[in-house]
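The values are calculated or read from the model by the stated rules, or taken from the named source; none is laboratory data. Every value quoted in this text rests on a predicted model; they were computed, and no experiment measured them. Cβ: placed from backbone, ideal geometry, glycine included. Neighbour counts: every protein chain shown.
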Amino acid sequence: MEATSDHAVRRVKKGFEVLDHTADIGIAAYGTDIKEVFCNAALGLFSLMAELDDIKEDVQREVKLSAEDEEVLLIEWLNELIYISDVEHIIFKRFEIDELAGNQIRARCFGEEIKPGQHKVKREIKAATYHMLRISKSNGGYEVKVIFDI
Amino acid sequence: MPRWEGQLNKIDDYRWEIPQTYKPGMRVPGLVYADEAMLKTIKEEQSLEQVANVAFLPGIVGRSMAMPDIHWGYGFPIGGVAAIRVSDGVVSPGGVGYDINCGVRLLRTNLNEDQVKPKIKELINSLFANVPSGLGSEGKIRVGDKEMNEVLTNGAHWAVKRGFGLPEDLEVTEETGRMKGADPEKVSARAKKRGAPQSGTLGSGNHFLEVQIVREIYDQASAKAMGIDQIGQVLLLIHTGSRGLGHQVCDDHLRIMEGAVRRYGISLPDRQLACAPIESDEGKDYLAAMACAANYAWANRQCITHWARESFAKVFGKSLEELGMEQVYDVAHNIAKIEEHSIDGNMVTLCIHRKGATRAFPAGHKDVPQRYKGVGQPVLIPGDMGRRSYVAIGTDKAMAETFGSTCHGAGRLQSRGAAKRAMRGADVAAELAAKGITVKTSSIGSLAEEASQAYKDVAQVVEVTHQAGISRKIAMASPLGVIKG
């Protein structure tokens with residue numbers, strides 16, 4: 001059990017990992033609590049889109065959502081961020097979740113409006129899918145897997 | 001991922017059946033077009049399970065089909081075809097995919113390899129500057145709310161009216177580039193907002209513009225009907241779809257369908273197969289919104305066609321007439337269409353879901369343009385950027401067996417991560433350069449993800465559909481210059 005716990009701690013520290021999926025791409029995100037896992041999933045999403053080290057935190061957007069269950073809420077949260085990013089060309093790099101309970105989320109997201117040519121962009125992510133979606137609680141924390149359509 | 005160990009019965013060298021008894025709940029058997037070697041790779045992931053899952057959909061007729069470019073998708077496999085009765089069946093946004101009317105358009109030219117080769121860098125640079133691509137790129141067209149509704153209703157017809165491209169282009173576009181039944185009221189404000197700045201953009205991922213050289217012609221007469229006259233001739237292939245707008249339409253309606261599945265008591269083996277009866281409000285609303293997204297995509301390819309022609313004219317100092325830059329055809333390969341098909345001698349109205357599959361109607365079919373009535377509908381099958389693409393035509397056999405459908409491309413073999421670990425973007429560019437292929441991309445990092453090695457060889461895919469008789473190959477072309485979004 002010790003080993004599992006250590007492993008979990010290491011993963012939480014890492015925040016997220018990129019998953020392989022033949023046609024698309026996904027992430028596994030970790031956290032000691034559900035807020036952290038939602039933050040890390042969002043961070044994983046934007047790390048697939050751009051080199052986050054180069055991104056400033058000069059714009060802030062607030063996100064407020066509710067859904068019928070936690071898994072749907074996670075997808076809606078990620079899709080809301082994708083929507084804002086697509087419309088406003090913002091890459092977010094930090095997330096403060098002020099409330100996450102009863103299948104509702106209220107969060108502040110910080111990032112920068114990107115300009116092609118000025119930032120190292122990787123790819124468009126166009127949707128978070130329900131495919132293989134799983135939020136699991138294990139010894140030492142939460143884990144989610146999300147596949148994105150690109 | 002575990003290997004798929006389900007039951008697969010060999011029908012012949014190119015056809016394999018998943019029996020209806022494989023999984024309780026399957027309403028029809030599955031049918032997979034592949035050769036033995038391909039099946040080994042296909043079984044390494046769970047795409048055949050998805051073929052079996054699609055067979056659960058209410059109203060499905062014939063078989064749940066998979067083309068040889070099958071790979072693992074969400075809910076539906078990519079390369080999947082499902083024919084569903086309109087009277088008592090369902091429509092599933094997952095059976096169309098996120099990128100509604102992702103498709104391919106082919107243009108021919110009077111130019112040959114010797115004329116284009118010395119200018120390929122200049123041409124690719126001009127195309128890259130003229131056609132916005134990549135993350136965060138914005139189109140050169142600004143459409144307001146009212147005009148957006150016109151784009152969604154009239155598709156490529158709107159573009160031609162605005163001066164993008166020629167009226168003749170419409171005749172050789174599936175649905176003439178304007179799908180009926182589009183209702184912009186059924187498209188959310190969010191979807192429209194995502195679509196507004198992206199009109200006339202290529203996007204990223206596997207979307208591309210490719211300058212190609214005709215390398216082989218298998219049927220001179222049919223090729224000639226398409227304006228493909230000789231080996232060495234230069235073609236232009238455009239591959240893109242409905243951008244953020246299509247994704248938002250899919251996402252919006254998947255959420256609605258999630259509720260519909262419960263309301264109508266539909267039992268499904270996978271959440272991503274969410275669907276609603278075609279005749280229900282949810283089903284009708286999706287089809288009306290899907291048609292809008294399809295029209296947006298056709299308008300998109302129409303605008304890109306116009307700018308590509310401008311680049312060719314500028315670089316070669318020739319008029320469009322001198323260039324002979326006519327459109328060969330434009331196909332949708334992610335779409336659901338209401339079509340009439342014969343089942344046991346009776347004509348039945350069906351909703352044909354083609355997700356990573358191409359319509360392949362035979363000579364004489366009423367929906368084949370006049371120009372191709374005698375030969376059949378052109379089918380455009382792009383390969384990966386380092387190898388080759390095919391032009392094929394639809395057949396009577398496709399009509400009888402696959403509801404007039406065939407494959408759509410190479411199909412991925414390797415995940416993006418695996419491709420990237422195997423090679424760096426810069427190496428891919430160098431390898432292509434060594435083959436004489438010029439490539440330009442807005443993201444060198446993602447170039448590795450699209451390396452040849454990440455895809456099945458499209459030649460094998462096309463060979464299976466050709467041998468099985470569901471489309472007939474006409475010509476093959478290989479790339480000289482590529483723009484990757």
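Structural remarks
- Among the residues listed as B:453, B:460, B:467, B:377, the single one being closer than 30 Å to residue A:120 by Cβ and polar (S, T, N, Q): B:453
- Answer residue from the range B:79-104, given it is buried (at least 24 other Cβ atoms within 10 Å of the Cβ) and of a type in the set (Ser, Thr, Tyr) and is nearest to the other protein chains (Cβ to nearest Cβ) among those: B:98
- Residues in the range A:84-94 that are within 14 Å of the chain's Cα centre (by Cα) and crowded, with 21+ Cβ neighbours inside 10 Å: 3 in all.
- Among the residues of the range B:400-431, just one is within 30 Å of residue B:372 (Cα to Cα) and surrounded by fewer than 19 Cβ atoms within 10 Å (Cβ to Cβ), namely B:400.
- Restricting the range B:125-159 to residues that are among the β-branched types (Val, Ile, Thr) and surrounded by fewer than 23 Cβ atoms within 10 Å (Cβ to Cβ), the residue that is nearest to residue B:481 (Cα to Cα): B:141
- Any hit, the range B:161-173, residues being within 14 Å of chain A (Cβ to nearest Cβ) and assigned to a loop (DSSP other than H, G, I, E, B): no
- Filter pass, residue B:32 being among the β-branched types (Val, Ile, Thr), surrounded by fewer than 23 Cβ atoms within 10 Å (Cβ to Cβ) and more than 14 Å from chain A (Cβ to nearest Cβ): no
- Considering only residues in the range A:101-123 that are more than 13 Å from the chain's Cα centre (by Cα), at pLDDT 95 or above and surrounded by 21 or more Cβ atoms within 10 Å (Cβ to Cβ), the one that is nearest to residue B:417 (Cα to Cα) turns out to be A:111.
- Here the condition is being away from chain A (no Cβ under 14 Å), more than 19 Å from residue B:240 (Cα to Cα), touching a residue at least 40 places away in the same chain (Cβ under 8 Å) and touching a Gly at 6+ places or on another chain (Cβ under 7 Å); of B:469, B:376, it holds for B:376 alone.
- Within the span defined as the range B:277-288, one or more residues are in contact with a Lys or Arg (Cβ under 7 Å, 6 or more places away or on another chain) and either of a type outside the set (D, E, K, R) or modelled with pLDDT under 95 (or both).
- Yes/no for residue A:52 being farther than 22 Å from residue B:257 by Cβ, surrounded by 15 or more Cβ atoms within 10 Å (Cβ to Cβ) and within 14 Å of chain B (Cβ to nearest Cβ): yes
- Any hit, the range B:198-215, residues being within 14 Å of chain A (Cβ to nearest Cβ) and part of a helix (DSSP H, G or I): yes
- Looking across the range B:395-452 at every residue that is modelled with pLDDT of 90 or more, in a strand (DSSP E or B) and under 30 Å from residue A:47 (Cα atoms), the one that is nearest to the other protein chains (Cβ to nearest Cβ) is identified as B:440.
- Meets criteria (more than 23 Å from residue B:436 (Cα to Cα), assigned to a helix (DSSP H, G or I) and not acidic (Asp, Glu)) for residue B:125: no
- The residue list A:92, A:110 contains one member that is touching a Cys at 6+ places or on another chain (Cβ under 7 Å) and either away from every other protein chain (no Cβ under 13 Å) or in a strand (DSSP E or B) (or both), which is A:92.
- Residues located in the range B:263-290, provided they are in a helix (DSSP H, G or I), within 14 Å of chain A (Cβ to nearest Cβ) and under 22 Å from the mean Cα position of the chain (by Cα): B:272, B:273
- The condition of being under 25 Å from residue B:188 (Cα atoms), over 27 Å from the mean Cα position of the chain (by Cα) and either among the aliphatic types (A, V, I, L, M) or part of a loop (DSSP other than H, G, I, E, B) (or both) holds for only one of B:293, B:260, that being B:260.
- Conditions (1) part of a strand (DSSP E or B); (2) polar (S, T, N, Q); (3) within 30 Å of residue B:1 (Cβ to Cβ); number of the one not met by residue B:53: (1)
- Residue check for residue A:80: at the interface with chain B (Cβ under 10 Å from one of its Cβ atoms), of a type in the set (Asp, Glu) and surrounded by 15 or more Cβ atoms within 10 Å (Cβ to Cβ): yes
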